[in-house]
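Beneath this line is the structure, given in C-alpha cells, with notes to follow.
Any read-out appearing in this document is the output of simple, stated calculations on the displayed coordinates, not a laboratory observation. For clarity, every value in this text was computed on a predicted model and none was experimentally measured. Neighbour counts run over all protein chains shown; Cβ positions are idealised from the backbone, glycine included.
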Amino acid sequence: MADPKEKEQPIASVVNPRSFVVPFPEPRTKCISDTNSNSEPSMDSITEEPARLFYDSLAGNTRKSYPRARSVLDSFQLLYTLDKVWPVPVEQLVQFIAYLSLKHYSPATVRLYISGISFSHKERNLEDTTKNFVVSKMLGGLHTPVVRLLIIVLCGHQYRDFGYTWSSQAGQISQLDFNPWLF
C-alpha cells in the first residue's frame with residue numbers, strides 16, 4: 001500500500017517538484033528511440049514528459065516574470081518579517097498590493113505579480129487566495145486614478161479654458177482665481 005504522505009502531495013509537485021525553488025528545467029528533445037512508432041516509450045521518458053509539457057505550457061516571458069513575482073513577494077515578507085507560507089494569506093496579499101501601490105508599481109506589474117502568485121498556488125494544488133473578493137477589488141482600484149489622470153491629460157486644455165487646473169501632487173482638480181482673459 002502507498003504511503004499516506006504520497007496521497008497528500010500536490011499534483012503539480014509530482015509534475016515538477018523543482019518549480020518553486022529552482023527554475024523550470026530546460027526542455028529536452030525526445031530520444032530517438034522514443035520517436036520510433038514501433039517502440040514503447042521508456043519509463044524515464046514517461047517520467048520526464050509531464051515536466052516538459054508543463055514547462056512548454058508557459059510562454060518564455062511568463063517563465064521569467066513569475067519567478068520575479070515570487071522574488072518580490074519574498075523580499076516584501078522579509079522586509080516586514082511576515083511568515084512565508086503557502087497559500088499566501090489574504091491579509092498578506094492585501095498588504096503586498098498596498099505595498100506595491102505605494103512603491104508606484106504600475107497596475108499591469110501588480111497584476112502580473114499577483115498572477116505569478118496565483119500560478120504558484122495552482123501548481124502546488126493549493127487554494128488560490130488571489131481570487132478573494134477584496135484582492136480582486138484592490139486590483140481594480142489600482143486603475144481608477146490612472147484613468148482619471150488620462151482623461152484630464154487628454155482634456156486638459158478644456159479644464160484650463162474654464163479656469164481649472166490639475167494638481168498632480170494633490171491628485172485633484174482645483175479652480176483657479178477667475179481670469180476673464182481666459183474667456
| Tally Lys and Arg at +1 and Asp and Glu at -1 over the other residues with C-beta under 11 Å from the C-beta of residue 119: what net charge comes out? | +2
| said: In 5 Å bins starting at zero, report the fraction of Cα pairs in segment 59-99 per bin as a rounded %. | reply: 6, 21, 32, 21, 13, 7, 1
| query | Sorting 43, 138 on the 10 Å Cβ count, fewest up front, what's the list? | reply | 43, 138
| request: Evaluate 2.2 N^0.38 Å with N set to the residue count of segment 60-142, then give the Cα radius of gyration divided by it. | output: 0.99
